[in-house]
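See below for the structure under consideration.
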Amino acid sequence: YGKQLITVNPRKTSQVCSNCHYDDGHHALDIREWTCPNCGTNHDRDINAAKNILSA
């Protein structure tokens, strides 16, 4: 059908900056938004995870 399936490990997808790929450690699940200390990009946790998965 012309589709390609790619499996992605979801580990840390919401915690690594989708802009510069900086990992500043663990964010508790109740932290829904955060700012990357490396590049200053503000992230919504779910949108950031989606961007990281799409770029895998």
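Throughout, read-outs are computed from the coordinates displayed, never taken from laboratory work. Only a predicted model underlies this, so the values are computations on that prediction, with no experimental measurement involved. Note: ideal-geometry Cβ built from the backbone for every residue, glycine included; neighbour counts use all protein chains shown.
Loop only per DSSP, at most 13 neighbouring Cβ atoms within 10 Å: give me the trypsin sites (Lys or Arg not before Pro) in the chain, ordered by residue number.
Lys3, Arg11, Lys12, Arg32
Considering only the other residues whose Cβ falls under 12 Å of the Cβ of Asp46, what net charge follows from Lys and Arg at +1 and Asp and Glu at -1?
+1
Mind listing the long-range amide H neighbours of Thr41? Cut-off is under 5 Å, sequence gap 5 or more, other chains count too, H placed in the peptide plane at 1.01 Å from N.
Long-range HN contacts for Thr41: Cys36.
If contacts are Cα pairs under 8 angstrom and at least 6 residues apart, what is the relative contact order of the chain in percent?
On the way: 62 pairs, mean separation 21.5, N = 56.
Over the chain, the number comes to 38 percent.
Given Ile47, Val8, Ala28, which one lies farthest toward the positive end of the charge dipole of the chain, if we put +1 on the Cβ of every Lys and Arg and -1 on the Cβ of every Asp and Glu?
Val8
Hey, what angle do you get for helix 45-54 against the long axis of the chain, alpha-carbon based, 0 to 90 degrees rounded to 10?
Relative to the chain, helix 45-54 is tipped by roughly 40 degrees.
Looking at the chain, which Cys residues are left with no other cysteine's beta carbon under 4.7 Å from theirs?
By the Cβ distance rule, which asks for a partner under 4.7 Å, no cysteine is left isolated.
Eigenvalues of the Cα gyration tensor times 5, then square-rooted: what semi-axes does that give for the chain, in whole angstrom, largest first?
In descending order the semi-axes read 23, 12, 10 Å.
Hey, got the dipole for the chain? About the Cα centre, +1 on K and R Cβ, -1 on D and E Cβ, debye to the nearest 20?
About 260 debye.
Sum -39500 (n - 2.57) across every DSSP H segment of at least 4 residues in the chain, then divide by the residue count to get the 222 nm mean residue ellipticity, nearest 500.
That calculation yields -5000 deg cm²/dmol at 222 nm.
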